[in-house]
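Readers should treat all values here as calculations from the given coordinates under stated rules, not as data from a laboratory. Treat the numbers as computed from the prediction; the structure is a model and nothing was measured. Using ideal geometry, Cβ is built from the backbone for each residue, glycine included, and neighbour counts are taken over all protein chains shown.
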Amino acid sequence: MIGEEPKTPLRDIPLEKFFEAFSEGNEQSEDQVVALRKAFMDILENVRLSRAGEIEIEIYLLGNGDSGNVFGLQTLSVET
């Protein structure tokens with residue numbers, strides 16, 4: 001579904017952990033982080049966050065809209 005190789009490890013992460021980590025270092029954009037979280041939690045259902053990879057980690061924040069379609073965003077985290 002997300003375009004990764006089938007053998008790529010995929011881990012679910014608690015949403016709160018993601019938003020806490022995302023907020024750190026982005027204090028000047030805190031209102032935008034809060035708005036992003038609110039949009040996902042208020043508009044979408046079955047919201048989940050998954051990570052794929054080891055060092056260059058693809059992060060997927062996905063949820064279902066009223067129509068049942070999947071909506072979300074994808075970003076990259078480099079962890080050394």
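Using 0.36 nm per residue and subtracting the Cα-Cα separation, the extra length available between Thr8 and Glu79 on full extension is 23.9 nm.
Give, in nm to one decimal, the length gained when the segment between Val34 and Val70 is fully stretched (0.36 nm per residue of separation minus the Cα-Cα distance).
Difference between extended and current length: 10.8 nm.
Taking Cα centre as origin and charging only the Cβ of basic (Lys, Arg, +1) and acidic (Asp, Glu, -1) residues, the dipole magnitude of the chain rounds to 240 debye. Run through the stretch 9-54 and list the GluC sites (Glu not before Pro) located in a DSSP loop whose Cβ has at most 13 other Cβ atoms within 10 Å. Loop-located and lightly packed - Glu24, Glu54. Only one item in (i) 3, 10, 16, 18, 16, 14, 11, 8, 4, 0; (ii) 3, 14, 23, 25, 19, 12, 4, 1; (iii) 3, 16, 18, 14, 11, 10, 8, 6, 5, 4, 2, 1, 0 matches P(r) over Cα pairs in 5 Å bins from 0, in percent derived from the coordinates shown, and that item is (ii).
Each of Pro14, Val47, Asn69 was placed along the dipole of the chain (beta-carbon charges, centred on the mean Cα), and the one lying farthest toward the positive end is Asn69. Near Ser77: Cβ cut-off under 10 Å, other residues only, Lys/Arg at +1 and Asp/Glu at -1. The net charge is -2.
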